[in-house]
1. What distance in nm lies between label points placed 7 Å from Cα along the C-beta direction at residue 112 and residue 62?
2. If you count, for each residue, the other Cβ atoms within 10 Å and average over each peptide, how do 80-93, 116-129, 35-48, 97-110 line up from highest to lowest?
3. Pulled fully out, how much extra length does the chain show between residue 54 and residue 144, if you take 0.36 nm times their separation in residues and subtract their Cα-Cα distance?
4. Taking 0.36 nm per residue of sequence separation and subtracting the Cα-Cα distance, how much length would be gained by fully extending the chain between residue 94 and residue 38, in nm to one decimal?
5. Give me a comma-separated list of calculated 3J(HN,Hα) values for the range 95-107, in order, Karplus coefficients 6.51, -1.76, 1.60 applied at θ = phi - 60°, integers in Hz, x for any Gly or Pro.
Amino acid sequence: MSKFASGDTLVPSVLAVLLLDSEGNRIIAKYYQGFLGTGLEKSKFEAKLFKKTKNTNTARSDADVIMLDNTIAIFRCGADTRFYVLGSAEENEIILNLVLDGLFEALNTLLRGQLESRALLENLETVMLAVDELVDGGMILETDPQSITSRVLMRGVEGTQPITDMSMSQAIATAKDQLFKSEYLRPHTGALNPPPLQV
């Protein structure tokens, strides 16, 4: 977590997001905030993490938590994969679990339930986009699986059509609608006040 000068926590954060196969090999690993500097340190940590969690019998729907080297690891099992979200020892496990659930459910939707290592590797760009929509630089951006899925598929969160897929007239109509909404929804000060609504 980021801290104030007084030591109070400010924003929940993630140290790493890892996906490992059934043998402990890396499918994807994103480290944030300078957690574990070298590639060798990261590989050793991943091996240690996998060794500690490989015999844990958690159901696909359940997450489990362990403490390793002053780091909290929340993990979940796929068919032959393990999904991990790591945070500092002071981090809230519930928030880390929300991040893990968001990633797991978004990938489950995006890959149509095929969460085995082969499918994850074949769709690596989709997996990486989902992780990037979830966490950026250690900051948690989104935990809602539907929002993550929509962003990865480049749809609007409400299911609207992306502007790049619209005709010119549709794009102009959407822009007018957005401008109209922004003019009437934001607080106005000064000379530019919207006309009163007729009832």
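Where a number appears in this text, it was derived from the coordinates with a stated rule and is not lab data. The shown structure was predicted, so the numbers you read here are calculated from the model rather than taken from an experiment. Here the Cβ is made from the backbone with ideal geometry for all residues, glycine too, and neighbour counts use every protein chain on show.
1. 3.1 nm
2. Peptide ranking by packing, descending: 97-110, 80-93, 116-129, 35-48.
3. Answer, rounded to one decimal: 29.6 nm.
4. Full extension of this stretch gives 17.3 nm more.
5. Rounded to whole hertz, the list is 5, 4, 5, 4, 5, 4, 4, x, 5, 4, 5, 5, 5.
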